[in-house]
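Reading through the structure tokens given below for one structure.
The values are calculated or read from the model by the stated rules, or taken from the named source; none is laboratory data. Everything quoted here is computed from the prediction, not taken from an experiment. Don't worry about glycine lacking a Cβ; one is built from the backbone with ideal geometry, like all the others, and counts go over all protein chains shown.
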Amino acid sequence: MSLNKIKKGDMVKVLTGKDKGKTGKVLTVIPEKNRIVVEKVNIIKKHKRPDQKSKGGIVEKEGSIHISNAGLFCNKCNKAVRIQNKKLEDGKKVRICSKCKEVI
């Protein structure tokens, strides 16, 4: 899946891995590594050293997943779908679901 299909703020469904079936919002896209960070998916534990602002300890945060392991989620179909790009009459480009033809 190319990077221009999934953007920050999109809802995605995880297709493979330990979090298969979970849906969440894309927090960040890392185009150099073809990876995305999804909300409440691939939770990792990171040991944090104490500093002047906060105490140290074990912090849980989202790790990145490969972009091919996630699919764009269509609310109407209620599943991960492939998308198509379509140009509207006013020249604006939109992404549409290839199954139900609904604008995502």
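Points worth noting:
- Top-ranked residue of the range 64-98 - restricted to ones that are among the hydrophobic types (A, V, I, L, M, F, W, C) and exposed (fewer than 13 other Cβ atoms within 10 Å of the Cβ), ranked as nearest to G17 (Cα to Cα): V94
- Members of the range 9-59 that are in contact with a Leu (Cβ under 7 Å, 6 or more places away or on another chain) and of a type in the set (K, R): none
- Residue match in the range 2-24 (condition: part of a helix (DSSP H, G or I), under 13 Å from the mean Cα position of the chain (by Cα) and in contact (Cβ under 8 Å) with a residue 24 or more places away in the chain): yes
- Subset tally (residues that are of a type in the set (V, I, T), in contact (Cβ under 8 Å) with a residue 24 or more places away in the chain and surrounded by fewer than 18 Cβ atoms within 10 Å (Cβ to Cβ)) for the range 30-49: 1
- Single match in G56, G71, G9, G21 (criterion: touching a Pro at 6+ places or on another chain (Cβ under 7 Å) and at pLDDT 90 or above): G56
- Pairing residues of the range 82-104 that are more than 16 Å from G71 (Cβ to Cβ) with residues that are modelled with pLDDT of 90 or more and β-branched (V, I, T), at Cβ distances under 6 Å and at least 6 apart in sequence or on separate chains, gives K86/V94; K86/I96; V103/V94; V103/I96.
- Counted residues, the range 34-61 - those being part of a loop (DSSP other than H, G, I, E, B), farther than 21 Å from I6 by Cα and in contact with a strand residue (DSSP E or B) (Cβ under 6 Å, 6 or more places away or on another chain): 1
- The residue that is nearest to L15 (Cα to Cα), among those in the range 77-94 that are in contact with a strand residue (DSSP E or B) (Cβ under 7 Å, 6 or more places away or on another chain) and part of a loop (DSSP other than H, G, I, E, B), is V81.
- Hits in the range 60-81 (condition: among the charged types (D, E, K, R) and touching a Leu at 6+ places or on another chain (Cβ under 8 Å)): E62
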